[in-house]
Amino acid sequence: MKSPDLAAPYMLVASPLMNDPKFARTVMVIGHHDKTGALGWVVNRVLDVSVQDVLPDRLASGLHPDTPLRLGGPVGATGLTVLLRDPLNEYATEVAPGLFACGNASILPLAFSEPPDGDVAEAILVIGYAGWEAKQLDREITDGWWFVLGYDPELAFTHAAADLWDASMERLGLGSATAFGRSEQIH
């Protein structure tokens, strides 16, 4: 698939051939993809830390201690982004139809003052992101590193992040993908 065929938002599921440890068994939400490149966030890597332990007090105050922090990607690993299903304040920007992002700290207590509840979150907190240069992601998809899955907020914002790769592979009709070999080539 080429970028004109892919309209953000959509989801990427790392194929079993992906052995770059930064992306192996990841599921991503892509918020931007055009001829200049692509931008997205890993949504299934929850860090085993408390937001109160890793965020400065000015950011952590007002956040519920059970708020999950996800590693959104290897780029900008000091920057926080809140991904949202619906805008919660005037600082949230619709980056793609039905997908909002906000980097303004004022959104943190609005989105995360309560404990995680239900199967699907209204917002997720990510640190870092992933980016691709022009045509780079197109090549990676063509080369079999990624599977494309239609954007589903209930899947992208699930609280069951640890099971998201398997659930996405099932959604793609690939089960646990045990029929795939693993490439020794790292791209």
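So here's what we get for this one:
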| read-out | value |
| --- | --- |
| Output for the range 56-88, where each listed residue is among the aliphatic types (A, V, I, L, M) and touching a strand residue (DSSP E or B) at 6+ places or on another chain (Cβ under 8 Å) | Leu59, Leu69, Leu71, Val75, Ala77, Leu80, Val82, Leu83, Leu84, Leu88 |
| Residue in the range 142-165 that is nearest to Ala121 (Cα to Cα), counting only those that are in contact with a Ser or Thr (Cβ under 8 Å, 6 or more places away or on another chain) and crowded, with 17+ Cβ neighbours inside 10 Å | Leu155 |
| Leading residue by the ranking (nearest to Ala7 (Cα to Cα)) among those in the range 26-38 that are touching a strand residue (DSSP E or B) at 6+ places or on another chain (Cβ under 9 Å) and surrounded by fewer than 20 Cβ atoms within 10 Å (Cβ to Cβ) | His32 |
| Condition met for Ala111 (of a type in the set (A, V, I, L, M), touching a residue at least 24 places away in the same chain (Cβ under 8 Å), within 22 Å of Gly62 (Cβ to Cβ) and touching a His at 6+ places or on another chain (Cβ under 8 Å)) | no |
| Single residue of Val51, Val43 found to be farther than 30 Å from Phe147 by Cα and surrounded by 17 or more Cβ atoms within 10 Å (Cβ to Cβ) | Val51 |
| Criterion (in contact (Cβ under 8 Å) with a residue 12 or more places away in the chain and at negative phi) met by exactly one of Pro21, Pro74 | Pro74 |
| Residue list for the range 73-87, restricted to those being surrounded by 19 or more Cβ atoms within 10 Å (Cβ to Cβ) and at pLDDT below 95 | Gly73, Leu80 |
| Search result, residues across the range 47-61 that are of a type in the set (Asp, Glu) and not in a helix (DSSP H, G or I) | Asp48 |
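For (1) at pLDDT 90 or above; (2) more than 17 Å from the chain's Cα centre (by Cα); (3) over 17 Å from Thr142 (Cβ atoms), each residue gets a yes or a no:
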{"position": "Met1", "(1), (2), (3)": "no, yes, no"}
{"position": "Tyr10", "(1), (2), (3)": "yes, no, no"}
{"position": "Asn19", "(1), (2), (3)": "no, yes, yes"}
{"position": "Phe23", "(1), (2), (3)": "yes, no, no"}
{"position": "Thr26", "(1), (2), (3)": "yes, no, yes"}
{"position": "Val29", "(1), (2), (3)": "yes, no, yes"}
{"position": "Lys35", "(1), (2), (3)": "yes, yes, no"}
{"position": "Leu39", "(1), (2), (3)": "yes, no, yes"}
{"position": "Asn44", "(1), (2), (3)": "yes, no, yes"}
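The values are calculated or read from the model by the stated rules, or taken from the named source; none is laboratory data. Quick caveat: nothing in here was measured; it's all calculated off a predicted structure. Because the Cβ atoms are built from the backbone with ideal geometry, glycine has one as well, and the counts that use them run over all protein chains shown.
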